[in-house]
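Accompanying notes for the structure given below.
The values are calculated or read from the model by the stated rules, or taken from the named source; none is laboratory data. None of these values were measured; they are calculated from a predicted model. Glycine also receives a Cβ, built like all others from the backbone with ideal geometry; neighbour counts cover every protein chain displayed. For accessibility, only protein heavy atoms count, side chains too; no ligands or nucleic acids. Shrake-Rupley method; radii C 1.70, N 1.55, O 1.52, S 1.80 Å.
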Amino acid sequence: MNEKVNLPLETMKNKSSGDRQSSCRSVRLFWRGLGWGAIFSAFLAGPGVAAERLTLQVGPWQQSVSVSDLETFATSGQLPPDLQRYQLLLTEEVRQLLRLGLPLTPNTAHSFVEELLASPDGQRLVGQLQKALPGSSSDRIAAALREAVAQMNELSVIGLLRAYPTENLTVDLLEAAG
(Lines give C-alpha, C1' and ligand atoms only; values in the text may rest on other atoms or scores of the structure.)
Protein backbone atom coordinates (compact mmCIF):
# COMPACT_ATOMS: atom_id res chain seq x y z
CA MET A 1 0.00 0.00 0.00
CA ASN A 2 1.42 3.40 -0.95
CA GLU A 3 1.92 5.96 1.75
CA LYS A 4 0.48 9.28 0.68
CA VAL A 5 0.67 12.92 1.56
CA ASN A 6 -2.93 14.16 1.59
CA LEU A 7 -2.85 17.77 0.40
CA PRO A 8 -5.84 18.51 -1.88
CA LEU A 9 -5.52 21.83 -3.65
CA GLU A 10 -8.75 23.31 -2.26
CA THR A 11 -7.84 22.67 1.36
CA MET A 12 -4.42 24.24 0.93
CA LYS A 13 -6.03 27.45 -0.37
CA ASN A 14 -8.42 27.64 2.60
CA LYS A 15 -5.89 27.03 5.38
CA SER A 16 -4.60 29.64 7.79
CA SER A 17 -1.09 30.94 7.13
CA GLY A 18 0.40 28.63 9.81
CA ASP A 19 -1.37 25.60 8.36
CA ARG A 20 -0.43 26.69 4.85
CA GLN A 21 3.25 26.93 5.87
CA SER A 22 3.07 23.43 7.33
CA SER A 23 1.45 22.15 4.12
CA CYS A 24 4.10 23.91 2.05
CA ARG A 25 6.79 22.15 4.10
CA SER A 26 5.08 18.83 3.37
CA VAL A 27 4.96 19.62 -0.34
CA ARG A 28 8.66 20.60 -0.28
CA LEU A 29 9.47 17.29 1.42
CA PHE A 30 7.51 15.50 -1.30
CA TRP A 31 9.45 17.32 -4.06
CA ARG A 32 12.75 16.55 -2.35
CA GLY A 33 11.68 12.91 -2.32
CA LEU A 34 10.75 13.15 -5.97
CA GLY A 35 14.23 14.41 -6.83
CA TRP A 36 15.98 11.77 -4.70
CA GLY A 37 13.65 9.08 -5.93
CA ALA A 38 14.80 9.73 -9.48
CA ILE A 39 18.22 8.51 -8.38
CA PHE A 40 16.98 5.05 -7.57
CA SER A 41 13.93 4.42 -9.71
CA ALA A 42 12.74 4.31 -13.28
CA PHE A 43 9.65 2.19 -13.49
CA LEU A 44 7.53 1.10 -16.43
CA ALA A 45 6.74 3.84 -18.90
CA GLY A 46 3.28 4.44 -20.28
CA PRO A 47 2.10 3.02 -23.60
CA GLY A 48 4.92 2.44 -26.04
CA VAL A 49 8.49 2.36 -24.78
CA ALA A 50 9.04 1.27 -21.19
CA ALA A 51 12.10 1.85 -19.05
CA GLU A 52 13.75 -1.48 -18.42
CA ARG A 53 17.12 -0.29 -17.13
CA LEU A 54 18.35 2.60 -15.04
CA THR A 55 21.92 3.76 -15.62
CA LEU A 56 23.40 5.48 -12.59
CA GLN A 57 26.23 7.83 -13.51
CA VAL A 58 28.86 9.52 -11.33
CA GLY A 59 31.44 11.24 -13.49
CA PRO A 60 32.92 8.56 -15.77
CA TRP A 61 31.52 5.70 -13.62
CA GLN A 62 28.27 4.13 -14.82
CA GLN A 63 26.31 1.18 -13.50
CA SER A 64 23.09 -0.20 -14.90
CA VAL A 65 20.39 -1.80 -12.76
CA SER A 66 17.15 -3.54 -13.67
CA VAL A 67 13.97 -1.55 -13.22
CA SER A 68 12.10 -4.69 -12.17
CA ASP A 69 14.64 -5.20 -9.37
CA LEU A 70 14.08 -1.62 -8.18
CA GLU A 71 10.33 -2.12 -8.34
CA THR A 72 10.66 -5.26 -6.21
CA PHE A 73 12.63 -3.27 -3.64
CA ALA A 74 10.13 -0.40 -3.61
CA THR A 75 7.08 -2.63 -3.19
CA SER A 76 8.41 -5.38 -0.90
CA GLY A 77 11.51 -3.97 0.77
CA GLN A 78 13.46 -7.04 -0.39
CA LEU A 79 16.73 -6.50 -2.25
CA PRO A 80 17.04 -8.81 -5.25
CA PRO A 81 20.51 -10.38 -5.67
CA ASP A 82 21.63 -7.85 -8.31
CA LEU A 83 20.89 -4.96 -5.91
CA GLN A 84 22.65 -6.44 -2.87
CA ARG A 85 25.80 -4.43 -3.62
CA TYR A 86 23.73 -1.23 -3.27
CA GLN A 87 22.43 -2.16 0.17
CA LEU A 88 24.04 0.89 1.81
CA LEU A 89 22.31 3.24 -0.66
CA LEU A 90 18.92 1.54 -0.85
CA THR A 91 17.79 2.23 2.69
CA GLU A 92 14.28 2.12 4.14
CA GLU A 93 14.22 5.91 3.83
CA VAL A 94 14.87 5.68 0.08
CA ARG A 95 12.17 3.00 -0.18
CA GLN A 96 9.68 5.29 1.57
CA LEU A 97 10.57 8.17 -0.77
CA LEU A 98 9.90 5.89 -3.74
CA ARG A 99 6.47 5.04 -2.34
CA LEU A 100 5.49 8.61 -1.39
CA GLY A 101 2.64 10.08 -3.41
CA LEU A 102 0.55 13.23 -3.51
CA PRO A 103 -3.05 12.20 -4.25
CA LEU A 104 -5.16 14.55 -6.34
CA THR A 105 -8.83 14.50 -7.18
CA PRO A 106 -9.74 14.21 -10.87
CA ASN A 107 -11.25 17.72 -10.67
CA THR A 108 -8.03 19.35 -9.42
CA ALA A 109 -5.29 17.19 -10.97
CA HIS A 110 -4.87 19.13 -14.22
CA SER A 111 -5.02 22.59 -12.62
CA PHE A 112 -2.62 21.50 -9.86
CA VAL A 113 0.02 20.43 -12.40
CA GLU A 114 -0.42 23.58 -14.47
CA GLU A 115 -0.13 25.79 -11.35
CA LEU A 116 2.89 23.81 -10.23
CA LEU A 117 4.65 24.15 -13.59
CA ALA A 118 3.98 27.89 -13.63
CA SER A 119 5.30 28.39 -10.08
CA PRO A 120 8.92 29.10 -9.14
CA ASP A 121 9.06 25.82 -7.15
CA GLY A 122 7.75 23.87 -10.14
CA GLN A 123 10.23 25.53 -12.49
CA ARG A 124 13.01 24.75 -10.01
CA LEU A 125 11.88 21.10 -9.80
CA VAL A 126 11.79 20.72 -13.58
CA GLY A 127 15.25 22.31 -13.81
CA GLN A 128 16.66 19.95 -11.17
CA LEU A 129 15.16 16.92 -12.90
CA GLN A 130 16.49 18.11 -16.24
CA LYS A 131 20.01 18.27 -14.77
CA ALA A 132 19.65 14.88 -13.07
CA LEU A 133 18.31 13.19 -16.22
CA PRO A 134 20.88 13.87 -18.99
CA GLY A 135 19.27 14.23 -22.40
CA SER A 136 15.89 15.20 -20.98
CA SER A 137 14.13 18.45 -21.77
CA SER A 138 11.87 20.65 -19.69
CA ASP A 139 9.05 19.98 -22.19
CA ARG A 140 9.39 16.19 -21.83
CA ILE A 141 9.50 16.43 -18.03
CA ALA A 142 6.44 18.69 -17.97
CA ALA A 143 4.61 16.32 -20.34
CA ALA A 144 5.54 13.36 -18.10
CA LEU A 145 4.19 15.23 -15.04
CA ARG A 146 0.91 15.91 -16.86
CA GLU A 147 0.63 12.32 -18.08
CA ALA A 148 1.45 10.82 -14.67
CA VAL A 149 -1.28 12.83 -12.97
CA ALA A 150 -3.78 12.12 -15.75
CA GLN A 151 -3.15 8.37 -15.50
CA MET A 152 -3.10 7.98 -11.73
CA ASN A 153 -4.70 11.07 -10.12
CA GLU A 154 -1.54 11.10 -8.03
CA LEU A 155 1.84 12.68 -8.35
CA SER A 156 4.60 10.28 -7.36
CA VAL A 157 8.12 9.32 -8.31
CA ILE A 158 6.92 6.03 -9.74
CA GLY A 159 4.08 7.68 -11.66
CA LEU A 160 6.36 10.35 -13.11
CA LEU A 161 8.86 7.81 -14.30
CA ARG A 162 6.16 5.50 -15.67
CA ALA A 163 5.00 8.42 -17.76
CA TYR A 164 8.54 9.23 -18.98
CA PRO A 165 8.98 6.79 -21.86
CA THR A 166 12.49 5.59 -22.49
CA GLU A 167 14.16 2.20 -22.71
CA ASN A 168 17.09 3.24 -20.53
CA LEU A 169 16.98 6.21 -18.18
CA THR A 170 20.31 7.72 -17.17
CA VAL A 171 20.55 9.52 -13.84
CA ASP A 172 23.52 11.73 -13.02
CA LEU A 173 23.86 11.09 -9.30
CA LEU A 174 26.03 14.17 -8.66
CA GLU A 175 23.39 16.45 -10.22
CA ALA A 176 20.53 14.62 -8.50
CA ALA A 177 22.22 14.98 -5.11
CA GLY A 178 23.04 18.66 -5.68
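Some notes on this structure:
- Among the residues making up the stretch 76-100, those that are touching a helix residue (DSSP H, G or I) at 6+ places or on another chain (Cβ under 7 Å) and not aliphatic (A, V, I, L, M) are 77, 78, 80, 82, 95, 99.
- Answer residue from the stretch 64-79, given it is open to solvent by 50 Å² or more (accessible area, probe 1.4 Å) and at pLDDT 90 or above and is nearest to residue 159 (Cα to Cα) among those: 76
- Cβ-Cβ distances below 6 Å connect the following pairs, each with a first residue in the stretch 59-76 that is assigned to a strand (DSSP E or B), a second residue that is surrounded by 14 or more Cβ atoms within 10 Å (Cβ to Cβ), and a separation of six or more residues or different chains: 62/55; 63/56; 64/53; 64/55; 65/54.
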